[in-house]
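Participant: If you scroll down you'll find the structure; I have some questions about it.
The values are calculated or read from the model by the stated rules, or taken from the named source; none is laboratory data. These figures come from a predicted structure and were not determined experimentally. Here the Cβ positions follow ideal geometry from the backbone for every residue, glycine too, while neighbour counts run over all protein chains shown.
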Amino acid sequence: MKVYVTRPVFDGAIDRLRREFEVELNTEDRILTKQELTAHLRDKDGALTLLTDAIDLELLQSTPRLKVVANFAVGFNNVAVDSATKLGVAVTNTPGVLTETTADFAWTLLMAAARRVVEADKFARAGKFKAWGPKMFLGYDIYGKTLGLVGLGRIGQAVARRAAGFNMRVVFHDPESIPDRIIKELGVTRLPFDELLRVSDFISLHVPLFPETHHLLNDHTFALMKPTCIVINTSRGPVVDEKALVSAVRDGKIAGAGLDVFENEPEIEPELFAMENVILAPHIASASHETRLRMCMMAADNLIAALKGERPPNLVNPEVWDKRRK
Ligand code: GLV
């Protein structure tokens, strides 16, 4: 069988794939156009894809041999999963292995934004640190404050665990039912969404991108937040209406933001570049040496299992399995 890997990834994963299949790679570190991707996948049985690859209905219809799309990410909004299911294509993701690393980074952004680390670093590098000042770079305390988590799945829970060390009150909103045992263990309180927005000093987003979570933060919801609130997004860009965020920061409706993801990635709303109280990161929340390797190996293992006819451990469309393309 033949598989395609859409961007340069870790050698260990390629070696593992090579032991099982004929492997073709995109050796250039750039996103392939839809035409290129379609052309490469036309004679392939499986693909190891990245979140930058748009796997849509048209592509899946033009690649009738393709049986498995193993996405190197926990999020899979880049894949038209419903279409894949209809066409019998298995889709897998990489959950779990990036939970702690992503939670670490949500905290990195939170702390850096609260204490103005990026701004202060630029100031010091520019040779502007001439004297200690009593009001220089005043930020916001973190300990003892209220952290609002939108989504209390794996990553939301890992973010909540870290808040204990800061003696924070942690509130959450999640339409899913969360076991009482977890709520008790984490010491978190469920709140209606609007209430969470009103009481939180920090709001961190941990929801997948679905139609229901698109623009969850918008003009209306920013207006409910405290003017001292800092918003952190390590989920997916379109969960936030980026233009509304720009207005909220500009008009002082919130105090700042830490963003790892953007609505039209890799493009960034230009006004954000000039906002010192917004930290911009290029979608790196899971980017530790250890975690990216684990994600890649997991994607390769999913691909191998599925093409060998074994139900892959991280199938996001389990209903496809009995009617998958053979
Ligand atoms: C990264 O954003 C991922 O979904 O794994």
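To keep it simple, each residue is scored yes or no on (1) within 30 Å of E195 (Cβ to Cβ); (2) of a type in the set (F, W, Y); (3) crowded, with 19+ Cβ neighbours inside 10 Å.
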site	(1), (2), (3)
V91	no, no, yes
T102	yes, no, yes
A106	yes, no, yes
M111	yes, no, no
A114	yes, no, yes
V118	no, no, no
G133	no, no, no
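Residues checked against (1) within 13 Å of the chain's Cα centre (by Cα); (2) touching a residue at least 12 places away in the same chain (Cβ under 8 Å):
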site: A257; (1), (2): no, yes
site: P266; (1), (2): no, yes
site: P270; (1), (2): no, no
site: P282; (1), (2): yes, yes
site: A285; (1), (2): yes, yes
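Participant: Shifting gears a bit: Please count how many residues of the range 166-181 are within 23 Å of the chain's Cα centre (by Cα) and in a loop (DSSP other than H, G, I, E, B).
Facilitator: Of the residues in the range 166-181, 5 are within 23 Å of the chain's Cα centre (by Cα) and in a loop (DSSP other than H, G, I, E, B).
Participant: Go over the candidates A103, A163, A114, A131 one by one and state the one that is under 23 Å from the mean Cα position of the chain (by Cα) and free of Cβ contacts under 8 Å to residues at least 24 places away in the same chain.
Facilitator: Unique residue meeting the criteria: A163.
Participant: So which of R16, R30 ends up being under 29 Å from I155 (Cα atoms), surrounded by 15 or more Cβ atoms within 10 Å (Cβ to Cβ), of a type in the set (K, R) and not assigned by TED's automatic domain parsing to the domain that holds E267? Even if it seems obvious, please write down each step before you answer.
Facilitator: Working: R30 fails: surrounded by 15 or more Cβ atoms within 10 Å (Cβ to Cβ).
Every option except R16 fails the conditions.
Participant: Here's something else I'd like to know. Given the criteria within 21 Å of the chain's Cα centre (by Cα), at negative phi, without any contact (Cβ under 8 Å) to a residue 24 or more places away in the chain and away from the ligand (no atom under 16 Å from the Cβ), does D15 qualify?
Facilitator: no
Participant: Would you be able to tell me the number of residues in the range 23-39 that are part of a helix (DSSP H, G or I) and polar (S, T, N, Q)? Spell out how you get there, then give the answer.
Facilitator: Residues of the range 23-39 that are part of a helix (DSSP H, G or I), as a first pass: 34-39.
From the residues that got through so far, the ones that are polar (S, T, N, Q) too are 35, 38.
Summing the residues that are part of a helix (DSSP H, G or I) and polar (S, T, N, Q) in the range 23-39 gives 2.
Participant: Is the range 182-189 home to any residue that is over 30 Å from V81 (Cα atoms) and within 21 Å of the chain's Cα centre (by Cα)?
Facilitator: Within the range 182-189, the first condition is being over 30 Å from V81 (Cα atoms), and the residues that meet it are 183-189.
After this cut, where a residue has to be within 21 Å of the chain's Cα centre (by Cα) as well, the list is none.
There is no residue in the range 182-189 that is over 30 Å from V81 (Cα atoms) and within 21 Å of the chain's Cα centre (by Cα).
Participant: For V5, state whether it is within 22 Å of the chain's Cα centre (by Cα) and within 16 Å of the ligand (Cβ to nearest atom).
Facilitator: Here the answer is no, as V5 does not meet what is asked.
Participant: Looking at (1) closer than 22 Å to S62 by Cα; (2) within 16 Å of the ligand (Cβ to nearest atom); (3) out of contact with any helix residue (DSSP H, G or I) (no Cβ under 8 Å at 6 or more places or on another chain), find the lone condition where T108 falls short.
Facilitator: Of (1) closer than 22 Å to S62 by Cα; (2) within 16 Å of the ligand (Cβ to nearest atom); (3) out of contact with any helix residue (DSSP H, G or I) (no Cβ under 8 Å at 6 or more places or on another chain), only one is false for T108: (1).
Participant: Evaluate the range 173-196: report whether one residue or more is charged (D, E, K, R) and under 13 Å from L110 (Cβ atoms).
Facilitator: The answer is no; no qualifying residue exists.
Participant: A further question on this structure: Name every residue in the range 1-22 that is in a helix (DSSP H, G or I) and touching a Leu at 6+ places or on another chain (Cβ under 8 Å), in order of residue number.
Facilitator: G12, A13, I14, L17
Participant: Looking at the range 183-222 only, could you name the residues that are assigned to a helix (DSSP H, G or I) and acidic (D, E)?
Facilitator: E185, D194, E195, E212, D219
Participant: Next question. Does G153 satisfy the condition of being touching a residue at least 40 places away in the same chain (Cβ under 8 Å), within 20 Å of the chain's Cα centre (by Cα) and surrounded by fewer than 19 Cβ atoms within 10 Å (Cβ to Cβ)?
Facilitator: yes
Participant: Please determine, by comparing only the residues of the range 44-74 that are of a type in the set (D, E) and over 23 Å from F10 (Cα atoms), which one is surrounded by the fewest Cβ atoms within 10 Å (Cβ to Cβ).
Facilitator: Looking at residues that are of a type in the set (D, E) and over 23 Å from F10 (Cα atoms), I get E58.
Table: residues versus (1) farther than 16 Å from I155 by Cβ; (2) in contact (Cβ under 8 Å) with a residue 40 or more places away in the chain.
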{"residue": "L196", "(1), (2)": "yes, yes"}
{"residue": "N233", "(1), (2)": "no, no"}
{"residue": "I254", "(1), (2)": "yes, no"}
{"residue": "E263", "(1), (2)": "yes, no"}
